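Okay, structure first, notes after.
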Amino acid sequence: MSKADKIFVNMCQDILQNGTDTQGEKVRPHWEDGTPAYTIKKFGVVNRYNLAEEFPALTLRRTAIKSAMDEILWIWQKKSNNIHDLKSHIWDEWADETGSIGKAYGYQMSVKHQYREGMMDQIDRVLFDLKNNPFSRRILTNLYVHADLHEMNLYPCAYSMTFNVTEDKTKDKLILNAVLNQRSQDVLAANNWNVVQYSLLLMMIAQSVDMIPGELLHVIADAHIYDRHIPLVEELISRPQYPAPTVKLNPDIKDFYQFTTDDITIENYQTGEQIKNIPIAI
């Protein structure tokens with residue numbers, strides 16, 4: 001059975017049984033009808049996924065793996081903050097009339113910074129260090145730029161990736177691992193979506209620098225289940241679980257900026273029924 005399913009079920013059970021209920025507290029999010037969107041939440045959830053063992057896609061329900069890849073490429077490769085560069089419509093409600101989400105996500109990735117080696121944006125800095133100084137402990141990105149928060153239509157949720165390289169004496173290549181830091185997560189709507197897209201990111205970057213993808217450590221400061229999602233989550237985690245799918249990248253792509261969603265193959269992805277029309281708090 002999929003290890004991602006087991007991690008997800010255990011996390012949801014822990015939140016529901018031991019979490020803090022914000023009912024009656026002052027909360028920012030609300031439902032489309034204006035009702036406050038309360039949550040049951042847990043602080044400091046940490047989940048570990050070993051990509052060398054299997055790809056961490058849920059089988060309880062289907063995760064749109066190619067769409068998740070498209071969004072991560074939108075942020076990290078296209079470095080865009082405009083929804084017109086994105087195939088899905090998940091960001092539409094945060095975009096202005098031009099399609100911009102403000103100085104968030106891809107915008108921050110596009111900003112060049114002065115380093116001793118020259119001007120680079122954050123992604124090019126990561127690629128440079130992994131190729132030239134792979135055992136550095138300073139290889140990371142950060143999207144939560146306080147000076148620009150007032151011009152972001154939504155503050156970044158998943159805001160930082162820290163890369164760390166290790167060795168396996170049985171392998172002929174270095175292992176690339178990463179820590180994904182997330183300040184807040186809507187568990188039903190976004191948990192496996194984020195896990196899948198950042199796993200794909202780790203795989204693409206590893207292939208670009210001739211390494212093997214290793215572990216993704218996902219740290220969530222506030223992992224929450226919204227009040228209107230509780231019955232959906234309870235039903236979801238009671239479902240049958242299936243083996244993880246096989247997910248591969250086109251081995252001919254060696255440049256991170258050349259990857260497209262056509263360069264992924266997904267095999268043997270058996271899942272439960274999709275949950276449709278999930279209400280999203282805004």
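Throughout, read-outs are computed from the coordinates displayed, never taken from laboratory work. Just so we're clear, the structure is a prediction, and the values are computed from it rather than from any experiment. Counting neighbours? That spans all protein chains shown, and the Cβs are built from the backbone with ideal geometry, glycine included.
Taking the stretch 112-153 as the search range and keeping residues that are aliphatic (A, V, I, L, M) and part of a helix (DSSP H, G or I), which one is farthest from SER80 (Cα to Cα)?
Result: LEU130.
In the stretch 29-60, what residues are surrounded by fewer than 18 Cβ atoms within 10 Å (Cβ to Cβ) and in contact with a strand residue (DSSP E or B) (Cβ under 9 Å, 6 or more places away or on another chain)?
Of everything in the stretch 29-60, those that are surrounded by fewer than 18 Cβ atoms within 10 Å (Cβ to Cβ) and in contact with a strand residue (DSSP E or B) (Cβ under 9 Å, 6 or more places away or on another chain) turn out to be PRO29, HIS30, TRP31, PRO36, PHE43, GLY44, VAL46, ARG48, ASN50, ALA52, GLU54.
Just to be sure I understand, how many residues within the stretch 71-111 are touching a strand residue (DSSP E or B) at 6+ places or on another chain (Cβ under 9 Å), closer than 19 Å to ALA147 by Cα and part of a helix (DSSP H, G or I)?
4
Step by step: first the residues of the stretch 95-125, then only those that are among the aromatic types (Phe, Trp, Tyr) and within 16 Å of TRP76 (Cβ to Cβ), then the one that is nearest to the chain's Cα centre (by Cα). Which residue is that?
Across the stretch 95-125, the extreme among qualifying residues is TYR105.
Pull up the stretch 19-63, narrow it to residues that are of a type in the set (Gly, Ala, Ser) and free of Cβ contacts under 8 Å to residues at least 24 places away in the same chain, then point me to the one that is farthest from ILE282 (Cα to Cα).
Looking at the filtered set, the residue picked out is GLY24.
Yes/no per residue for (1) buried (at least 18 other Cβ atoms within 10 Å of the Cβ); (2) touching an Asp or Glu at 6+ places or on another chain (Cβ under 7 Å); (3) not in a helix (DSSP H, G or I):
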residue	(1), (2), (3)
GLY214	yes, no, yes
ALA221	no, no, yes
ILE225	yes, no, yes
ARG228	no, no, no
VAL233	yes, no, no
SER238	no, no, yes
TYR242	no, no, yes
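On the given criteria, is PRO251 surrounded by fewer than 13 Cβ atoms within 10 Å (Cβ to Cβ) and either of a type in the set (Phe, Trp, Tyr) or outside any loop (DSSP other than H, G, I, E, B) (or both)?
no
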